[in-house]
Amino acid sequence: MIAPSSDGEAAEPLVAVLAGGLGRRLGGEKPAAELGGRPLIEHALAATSAAGLRAVVVAHADSPLPALSAPVLIEPPGVRHPLWGLAAALHSDEGRGSGVLALGCDMPFVSAALLRDLAQLQARTVAISVDGRLQPLPARYAPAHAAALEAAARSGLAMGETLEQLGATVLDEAWLRRYGDPVRLLFSVNEPADLRRARRWLE
């Protein structure tokens, strides 16, 4: 059983909301897509705020972003890969000491309770497994893993493969079910059909 951290606030990771993808299937402006009267990305940021955690939006200089309730960290230019953004967050002043909890900008139903408990675990690198597969988001990365993430990005490794290589502590689907339906909690809006489904769920 993984216990909450006893290190207090200083041990809580920085939440890095990844928004640097091209989002072509959703028209190229995924973070700003309207859902429930506000930008899609603001749902993830609201859950982070409700969990009492610090957040930064990680994006490219040319990423189309709406007005945000969190600061923006610009990824290094070049090949787009979410691991570059995570490494940048780990190198930041706030991420360097406490690590990073990665979250997608397109995950409107992730709960504050789930984020809060992931942040308070003693394990520094954590992933969730559903149907026997490691889920890339949300996942927690230790400060010492910045260089490993950069190497994985250069090699083109997927986030799930990278978590396996890092030896992440794995939480199973039974653990996740404490917070609700795993399908909804980890749901990502990637294309118009997903956005329509999310709107139906909100209604």
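The numbers here are math on the coordinates, done by the rules we state, and not lab data. Keep in mind that what you see is a predicted model, and the values were worked out from it rather than measured. Here the Cβ is made from the backbone with ideal geometry for all residues, glycine too, and neighbour counts use every protein chain on show.
Details
- When each of the peptides 29-38, 55-64, 85-94 is scored by the mean number of other C-beta atoms lying within 10 Å of its residues, the order from highest to lowest reads 85-94, 55-64, 29-38.
- Close amide H contacts of residue 105 (hydrogens built in the peptide plane, cut-off under 5 Å, sequence separation of 5 or more or a different chain): 18.
- For the stretch 146-192, diffusion coefficient by Stokes-Einstein and Kirkwood Rh (Cα), 4 °C, 1.567 mPa s, µm²/s: 100 µm²/s
- Extension gain for residue 72 to residue 175 (0.36 nm times residue separation, less C-alpha to C-alpha distance): 33.9 nm.
- Dimensionless Rg/Rh of the chain - Kirkwood Rh, Rg from C-alpha atoms: 0.93
- Counted by Cβ distance under 10 Å from residue 70, the other residues give a net charge of 0, where Lys and Arg count +1 and Asp and Glu count -1.
- Computed from label points 7 Å out along Cα-Cβ, the spacing between residue 155 and residue 112 is 4.0 nm.
- FRET efficiency estimate (nearest 0.05) - Cβ-Cβ, residue 199 to residue 147, R0 41 angstrom: 0.50
- When both bridge partners sit in the stretch 56-181, DSSP labels roughly 55% of those beta bridges antiparallel.
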